[in-house]
Amino acid sequence: MLPIGPLMIEHRLIEKMIAVIRKETDRFPRKGDIDPAFIDSAIDFMRTYADRCHHGKEEDILFRELNRRTLPPELKLIMEELVEEHRQGRQTVADLIEAKQRYTRGDKEAVRTILDRLRYMTDLYPKHIEKEDRHFFIPCMSLFTEEEKEAMLGEEYAFDRELIHQIYRERIAAWSEEDDSEEDAPDTREKSL
């Protein structure tokens, strides 16, 4: 398998999630209410799977290796566009998180931002995926030897094996820091005698 194989397989799952997001986004106006649990699930998928897992392998492995080569101008331009689209995806998710928080605090105007960001996401990703699959991945493979391709594929597998452990180590560390800060804070509760 080429190192782009796992990335293209991941694209198929991202496309399925984008279809679910589009369907739910179209339903929101008819329902008249936003489902915060669905928004949380969409955010989690886009942050964890699409960005950390998928874009992580693209940027930290494939793009890193491509940056070590002299790319034809058209591939260099596409790679720059892809990196910018990854940044836009991250910003969209950050905007969605902020709008969802406003919504759960009672700000009904946040619905407009939530729907806008979801629609932007469902517009961005299909075009982004098509650009990678049809115009970038295959031509890039000709720049690598068979050994280099095998090494990248092995690195992708190692990346995936470590990812879940990294995510939960980070979550536990964050929770531990919260616990520590609560223990260090002065007790301002009323003391009963």
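Between residue 40 and residue 22, what is the spin-label point distance in nm, taking each point 7 Å from the Cα along the Cα→C-beta axis?
Here the answer is 2.7 nm between the modelled labels.
For residue 157 and residue 97 in the same chain, what is the full-extension length gain: residue separation times 0.36 nm, less their Cα-Cα distance, in nm?
Gain in length upon complete extension: 18.6 nm.
Kirkwood hydrodynamic radius, computed over distinct alpha-carbon pairs, for region 1-71: how many Å, to one decimal?
After inverting the mean inverse Cα-Cα distance, the result is 14.0 Å.
R0 = 22 Å: FRET efficiency of residue 59 with residue 109, Cβ-based, nearest 0.05?
It comes to 0.05.
So which GluC sites (Glu not before Pro) in region 64-139 end up in coil per DSSP with only 11 or fewer other C-beta atoms within 10 Å?
109
Pull up the cross-link candidates among the lysines for residue 76, meaning alpha carbon to alpha carbon under 28 Å and not fewer than 8 places away within one chain.
57, 127, 131, 149
For region 42-101, give the magnitude of the charge dipole about the Cα centre (Cβ charges: +1 Lys/Arg, -1 Asp/Glu; no others), in debye to the nearest 20.
Its charge dipole is roughly 220 debye.
Points 7 angstrom from Cα along the Cβ direction at residue 147 and residue 130: gap in nanometres?
Result for the modelled spin labels: 4.0 nm.
In nm, give the distance between the simple-model label positions of residue 30 and residue 176, each being 7 Å from the Cα along the Cα-to-Cβ direction.
Rounded to a tenth, the inter-label distance reads 4.8 nm.
How long is the gain from residue 167 to residue 77 if the chain were fully straight, where each residue apart is worth 0.36 nm and the alpha carbon distance is subtracted?
29.2 nm
Please give the length that would be gained between residue 90 and residue 138 if that part of the chain were fully extended, namely 0.36 nm times their separation in residues minus their C-alpha to C-alpha distance (nm, one decimal).
So the extension gain works out to 14.8 nm.
Rule-based calculations on the coordinates, nothing more; no lab input. This is a predicted model, so every value here is computed, not measured. When we count neighbours, we look across all protein chains shown, and the Cβ atoms used for this are built from the backbone with ideal geometry, even at glycine.
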